[in-house]
Structures are given as C-alpha cells and as structure tokens.
There are 2 protein chains.
Amino acid sequence: MAEIKKVTACLLIVGDEVLSGRTKDANLAFLGMELNEIGIRMSECRVVPDEEDVIVAAINEVRARYDYIFTTGGIGPTHDDITAACVAKAFGVELHRHPEAVEIFLEHYAPKDMNETRWKMAETPIGADLIHNPVSRPPGFKMENVYVMAGIPRVMQGMFGTFKDTLEGGDKLLSRTIPTHAKEGDMGKPLKELQKNHPDVEIGSYPFFQANGGTGVRIALRHPDMARIDEVAEDVIALIHDLGEEVVDEG
Amino acid sequence: MAEIKKVTACLLIVGDEVLSGRTKDANLAFLGMELNEIGIRMSECRVVPDEEDVIVAAINEVRARYDYIFTTGGIGPTHDDITAACVAKAFGVELHRHPEAVEIFLEHYAPKDMNETRWKMAETPIGADLIHNPVSRPPGFKMENVYVMAGIPRVMQGMFGTFKDTLEGGDKLLSRTIPTHAKEGDMGKPLKELQKNHPDVEIGSYPFFQANGGTGVRIALRHPDMARIDEVAEDVIALIHDLGEEVVDEG
C-alpha cells in the first residue's frame with residue numbers, strides 16, 4: 001500500500017457546564033466515530049470555559065495544526081454564548097447578521113418578535129457560510145476550516161449531517177480487536193517488538209476487568225488495509241499461544 | 001465578601017481510544033465535581049493522542065497556566081503507555097524505578113515474575129512521589145503540580161481518594177438553578193444587563209427541551225457566597241415574572 005493519507009480533526013467543546021461536570025459531553029464520541037467513517041482522524045479535543053481569551057487562543061492554535069476544527073456549544077442567544085464572537089476575533093473579522101440567517105428567522109418570527117437577543121443567533125463572522133440546523137432552526141456556521149455547531153447532541157448531529165458529505169477524508173482506518181485472558185504484563189515485551197517490526201500498523205493494548213473477576217487485554221490493530229491488519233493479527237495470535245493462552249470469543 | 005480566591009485545574013486525558021470514540025471518558029465529570037467540592041475549578045480539559053510530542057507540549061503548556069494538572073490514561077505496561085516518559089521529558093528528567101514502587105511489586109510478585117514489562121509500571125520521573133493505587137496496585141505519581149493517574153475510572157477514583165485531602169482549594173463555588181418556561185430569546189437582554197450589574201456572580205443560561213415538547217431555560221448562578229447568590233436570584237425571578245412567566249418546580 002502507498003503512503004497513508006492522514007487527515008486530522010480537533011474538537012473544541014465550549015462550556016463551563018462540561019468542565020464542572022454538570023453536563024456530560026456526548027459529542028466527542030459521536031464525532032470521533034463519524035469522522036473515522038470518512039477517513040478523518042480525531043487528533044485532539046479541548047474543553048474550554050466560556051472565556052474569550054482562552055477560546056480565541058485555542059481556535060488559532062488548533063486551526064493552524066489540524067485539517068478540520070469542529071466546535072460545539074456557546075452559540076445560543078444569551079450573554080454566555082460567545083463562540084461566534086470568539087471565532088470572529090480569532091479570524092480578525094467583524095460579526096454581521098448573515099443574510100440567509102435573517103431569512104431563516106423571519107420565516108418563523110414576525111419582525112416585531114425579533115428582539116436583540118434572537119438577532120444575536122443570526123450573527124456570524126463576515127465571510128462565514130451557514131450550517132443549517134434541521135432540528136431547531138438557529139444555524140451554525142463554517143469559517144474556513146472551522147465548523148461551529150450547537151452543543152446539544154441532537155442538534156449537533158443534525159447540523160453535522162448537513163455537511164458531512166462535503167468533508168474530504170483520507171485513508172479510513174480499519175480495526176480488528178483480539179481479546180485474550182493473557183496478562184498485559186506478559187504481553188508487553190513481545191507486543192513492543194511487534195510494533196517495532198510493523199510500524200505502519202497501530203497496535204493498542206487495552207486491559208479489561210470482568211464482573212466475574214476475569215481479567216485480560218484487548219489488542220487493537222488499526223490500519224487502512226484489512227489484509228495488512230490480518231497479517232499482523234496472525235503474529236499477535238501466535239504470541240498469545242506462546243504464552244499458553246487463547247484468543248477469547250467475545251461474541 | 002473579600003476577593004474570590006480562584007484555584008484552577010486542567011485535566012489531560014491521554015488516549016487514542018477516547019479520541020476515536022471507542023472509549024467514553026467518565027473522568028472529566030467526576031473530577032470536575034469532586035474538585036469543585038474542595039474549591040478547585042476545572043478550567044480546561046484536553047484529550048490527546050498517544051503521541052509523545054503532543055503530550056509533552058501539552059503538559060508544559062498547561063502546567064505553567066493552571067494550579068493543578070491531572071492526567072488520566074497511558075500508565076499501563078505496554079508500548080502505547082507513554083505518559084510517565086512524557087512527564088519525565090516535559091520536566092527534563094530521566095525515568096527511574098521508584099524504590100517504593102519496587103517494594104509494592106515485590107510484595108505481590110516473585111522477583112522471577114517481574115519481567116521488563118511489569119517493571120515499566122514501577123518507573124516514575126526522578127523526583128516524583130508515588131500516588132498509591134488502592135484498587136489494582138500499580139501506582140500513579142505526582143511530579144510538582146502534575147498528578148498522573150490511571151484511565152480506568154474505578155482505579156482513577158481510588159487514586160484520587162488517596163491524595164484529595166492534600167489539595168489546597170480556594171473559595172468553593174456554590175450554585176443555585178432557577179428553571180423557567182420563559183424563552184431564552186426573551187431572557188437574553190435582561191440577563192445580559194443583570195450580568196453586567198453583578199459581575200461577581202457567574203450567570204449561566206442553559207436551554208432545555210422536554211419529552212412532552214415543553215421548552216425553557218435553567219438560569220444557573222454561581223458564587224462562593226449563597227447569600228450573594230440569593231440576592232441576584234431575586235432579580236432573576238423578578239425578570240421571569242416581568243415576562244409573564246413563573247419559576248418551574250423541578251422537584
């Protein structure tokens with residue numbers, strides 16, 4: 001196989017409520033899996049508070065480093081929703097009322113009901129394109145490689161669905177997991193050698209503890225080519241047998 | 001009340017498996033709440049891959065910025081467990097077998113069973129103190145303000161319990177939540193003014209959507225002094241009444 005084409009992403013979760021433990025994030029796991037399906041690797045995630053300087057610095061740091069940046073949270077109508085303003089500041093542009101967003105709100109609200117607070121949700125950095133919201137109307141937006149979405153998982157997932165097909169992925173990582181009751185402490189050295197001999201395949205080792213007291217380890221192999229994974233899997237299975245253990249059938 | 005003493009923390013979650021969505025992190029919410037109880041504010045969280053350069057850079061960036069750094073994950077015996085080596089590199093010191101950790105392993109294993117892989121779990125950066133593991137034995141460690149723990153929530157929680165009482169918190173943030181069916185779009189402007197007039201109290205606004213179709217918003221007030229929270233709460237309740245709405249009893 002030719003060199004692996006790696007396309008990377010970073011998720012920026014904006015919200016004091018996630019840091020305090022009040023709200024449990026569900027967006028990282030969703031996006032990690034969805035992006036992998038299209039060949040994009042979630043490479044970092046940051047949870048940041050509702051503080052302008054922290055958010056602006058994080059946006060500028062990660063948008064230079066990764067191919068795609070996704071943000072969730074902080075795009076509602078209240079004073080603590082500052083993601084749009086922070087993205088504008090990070091890009092050095094002003095906010096404006098996006099004409100398409102204005103239309104979306106005027107389809108739903110009489111102009112007299114469109115107060116200052118609701119108009120805030122129509123604001124995007126100048127130059128941004130809207131991300132439509134098929135769930136609850138107020139849109140997100142895309143500014144260069146930064147995709148700004150709602151924090152509520154159902155809304156975020158709806159927004160993601162509207163642009164998922166436009167993302168350009170690289171080689172999709174496939175994976176195979178080999179579970180065994182062999183001890184991680186016995187697997188370590190041969191696994192390390194295996195990784196050294198096959199640097200193209202990512203070899204991960206995840207210990208598990210069962211309710212019945214059983215312990216063991218799941219060896220995960222990741223590579224874009226399943227035939228290559230299966231080759232290395234044979235070596236993993238052989239070293240499990242060398243330890244007098246078996247591969248476990250986890251159904 | 002005198003000036004608020006703010007003590008900050010950052011959580012660094014190490015692991016490809018959290019980024020890929022394969023494993024859902026449960027440590028941020030736990031630590032966010034536990035730390036708040038002792039007056040330490042979780043101020044940022046980063047999920048980083050099993051890559052040395054990313055981890056080392058992140059450690060050095062956040063340990064300079066926050067009072068306490070906690071890491072979870074990457075301290076097992078296999079080649080993909082590189083947190084200890086990364087902390088050593090970030091601090092510019094070597095790894096060594098920590099004498100106390102050696103004792104812990106020799107209490108459990110015959111010296112002949114202590115292979116290279118298991119000894120890896122006894123390694124800490126030179127100068128680190130052990131964090132004991134009351135759940136599954138292999139210890140974590142503390143290097144200056146960086147606390148290195150296991151990723152498995154039950155083990156992490158056990159480790160945290162061993163040093164929680166030694167952490168020095170600031171003023172503990174108390175909170176009060178005021179739920180209402182008022183619309184966030186109507187609350188926005190008066191809430192913004194309220195925040196401006198009471199900058200010492202953090203005012204958060206969290207919309208909710210009920211299964212029965214009801215919508216509304218929870219206004220959260222945070223401050224170390226409950227009497228101060230209650231003062232501002234009166235203003236919040238008054239503005240809800242001004243909108244012809246009521247505070248909802250959520251039991």
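For residues that are among the basic types (Lys, Arg) and in contact with a Leu (Cβ under 7 Å, 6 or more places away or on another chain), tally how many sit in segment B:144-200. Write out each step before concluding.
Applying the first criterion (among the basic types (Lys, Arg)) to segment B:144-200 yields B:154, B:164, B:172, B:176, B:183, B:189, B:192, B:196.
This time we only want the ones that are in contact with a Leu (Cβ under 7 Å, 6 or more places away or on another chain), so: B:176.
Within segment B:144-200, residues that are among the basic types (Lys, Arg) and in contact with a Leu (Cβ under 7 Å, 6 or more places away or on another chain) number 1.
Return yes or no: is A:Ile131 away from chain B (no Cβ under 14 Å) and exposed (fewer than 15 other Cβ atoms within 10 Å of the Cβ)?
In short, no.
Filter segment A:238-251 for residues that are surrounded by 16 or more Cβ atoms within 10 Å (Cβ to Cβ) and not in a loop (DSSP other than H, G, I, E, B) and give the result.
Of everything in segment A:238-251, those that are surrounded by 16 or more Cβ atoms within 10 Å (Cβ to Cβ) and not in a loop (DSSP other than H, G, I, E, B) turn out to be A:Leu239, A:Ile240, A:Val247.
Is it the case that segment B:92-112 has a residue that's touching a residue at least 12 places away in the same chain (Cβ under 8 Å), crowded, with 20+ Cβ neighbours inside 10 Å and within 24 Å of B:Val18 (Cβ to Cβ)?
Scanning segment B:92-112, I find no residue that is touching a residue at least 12 places away in the same chain (Cβ under 8 Å), crowded, with 20+ Cβ neighbours inside 10 Å and within 24 Å of B:Val18 (Cβ to Cβ), so the answer is no.
Has segment B:76-89 got any residue that is β-branched (Val, Ile, Thr), within 7 Å of another protein chain (Cβ to nearest Cβ) and without any contact (Cβ under 8 Å) to a residue 40 or more places away in the chain?
There is at least one residue in segment B:76-89 that is β-branched (Val, Ile, Thr), within 7 Å of another protein chain (Cβ to nearest Cβ) and without any contact (Cβ under 8 Å) to a residue 40 or more places away in the chain.
Restricting the search to segment A:144-193, which residues are in a helix (DSSP H, G or I) and in contact with an Asp or Glu (Cβ under 6 Å, 6 or more places away or on another chain)? I'd like the intermediate steps shown before the answer.
So in segment A:144-193, the residues in a helix (DSSP H, G or I) come out as A:153-166, A:184-193.
Passing the criteria: only A:Lys189.
Would you be able to tell me the number of residues in segment B:26-36 that are free of Cβ contacts under 8 Å to residues at least 24 places away in the same chain and buried (at least 22 other Cβ atoms within 10 Å of the Cβ)?
Total meeting the criteria: 2.
Identify all residues within segment A:62-87 that are closer than 23 Å to B:Gly21 by Cβ and surrounded by fewer than 18 Cβ atoms within 10 Å (Cβ to Cβ); write none if there are none.
Residue satisfying the conditions is A:Arg65 alone.
So, B:Met121, is that one closer than 19 Å to B:Thr8 by Cα and of a type outside the set (Asp, Glu) or not?
In short, no.
Could you list, in sequence order, the residues of segment B:105-128 that are touching a strand residue (DSSP E or B) at 6+ places or on another chain (Cβ under 8 Å) and within 14 Å of another protein chain (Cβ to nearest Cβ)?
Scanning segment B:105-128 gives B:Trp119, B:Ala122, B:Glu123.
What about A:Ser175, is it in contact with a strand residue (DSSP E or B) (Cβ under 6 Å, 6 or more places away or on another chain), over 18 Å from A:Val87 (Cα atoms) and hydroxyl-bearing (Ser, Thr, Tyr)?
Here the answer is yes, as A:Ser175 does meet what is asked.
In segment A:194-227, what residues are among the basic types (Lys, Arg) and either within 17 Å of A:Arg41 (Cβ to Cβ) or part of a strand (DSSP E or B) (or both)?
The answer is A:Arg218, A:Arg222.
Please verify whether segment A:51-64 includes one or more residues that are within 30 Å of A:Met226 (Cα to Cα), out of contact with any helix residue (DSSP H, G or I) (no Cβ under 8 Å at 6 or more places or on another chain) and assigned to a helix (DSSP H, G or I).
Within segment A:51-64, not a single residue is within 30 Å of A:Met226 (Cα to Cα), out of contact with any helix residue (DSSP H, G or I) (no Cβ under 8 Å at 6 or more places or on another chain) and assigned to a helix (DSSP H, G or I).
Matching residues to (1) over 24 Å from A:Ile82 (Cα atoms); (2) in contact with a helix residue (DSSP H, G or I) (Cβ under 6 Å, 6 or more places away or on another chain); (3) free of Cβ contacts under 8 Å to residues at least 40 places away in the same chain; (4) more than 9 Å from chain A (Cβ to nearest Cβ):
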{"position": "B:Ala182", "(1), (2), (3), (4)": "no, yes, no, yes"}
{"position": "B:Lys189", "(1), (2), (3), (4)": "no, yes, yes, no"}
{"position": "B:His198", "(1), (2), (3), (4)": "no, yes, yes, yes"}
{"position": "B:Gly204", "(1), (2), (3), (4)": "no, no, yes, no"}
{"position": "B:Gly214", "(1), (2), (3), (4)": "yes, no, yes, yes"}
{"position": "B:Ala227", "(1), (2), (3), (4)": "yes, no, yes, yes"}
{"position": "B:Ala238", "(1), (2), (3), (4)": "yes, no, yes, yes"}
{"position": "B:Glu245", "(1), (2), (3), (4)": "yes, no, no, yes"}
{"position": "B:Val248", "(1), (2), (3), (4)": "yes, no, no, yes"}
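Conditions tested, residue by residue: (1) surrounded by 17 or more Cβ atoms within 10 Å (Cβ to Cβ); (2) not assigned by TED's automatic domain parsing to the domain that holds B:Arg228.
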residue	(1), (2)
B:Asn145	no, yes
B:Ala182	yes, no
B:Gly188	yes, no
B:Asp200	no, no
B:Gly204	yes, no
B:Phe209	no, no
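Of these, B:Ala220, B:Ala227, which one is crowded, with 18+ Cβ neighbours inside 10 Å and either within 22 Å of the chain's Cα centre (by Cα) or over 21 Å from B:Lys183 (Cβ atoms) (or both)?
Sole residue among the options that is crowded, with 18+ Cβ neighbours inside 10 Å and either within 22 Å of the chain's Cα centre (by Cα) or over 21 Å from B:Lys183 (Cβ atoms) (or both): B:Ala220.
In segment A:13-25, what count of residues is obtained for those that are within 7 Å of another protein chain (Cβ to nearest Cβ) and either among the acidic types (Asp, Glu) or surrounded by fewer than 23 Cβ atoms within 10 Å (Cβ to Cβ) (or both)?
Final tally of qualifying residues: 5.
Kindly provide the set of residues from segment A:99-142 that are under 23 Å from B:Phe208 (Cα atoms), aliphatic (A, V, I, L, M) and in contact with a His (Cβ under 9 Å, 6 or more places away or on another chain), ordered by number.
Answer for segment A:99-142, where residues must be under 23 Å from B:Phe208 (Cα atoms), aliphatic (A, V, I, L, M) and in contact with a His (Cβ under 9 Å, 6 or more places away or on another chain): A:Ile104, A:Ala122.
So, of the residues in segment A:37-52 that are more than 10 Å from A:Thr8 (Cα to Cα) and facing chain B (nearest Cβ under 7 Å), which turns out to be surrounded by the most Cβ atoms within 10 Å (Cβ to Cβ)?
The qualifying residue surrounded by the most Cβ atoms within 10 Å (Cβ to Cβ) is A:Val47.
Only one of (1) in contact with a Ser or Thr (Cβ under 6 Å, 6 or more places away or on another chain); (2) modelled with pLDDT under 95 is not met by A:Ile240, so which one is it?
Checking A:Ile240 against (1) in contact with a Ser or Thr (Cβ under 6 Å, 6 or more places away or on another chain); (2) modelled with pLDDT under 95, the one that fails is (2).
The values are calculated or read from the model by the stated rules, or taken from the named source; none is laboratory data. As the structure is a computational prediction, the values presented were derived from the model and not from experiment. Every residue, glycine among them, receives a Cβ derived from its backbone with ideal geometry; neighbour counts consider all protein chains shown.
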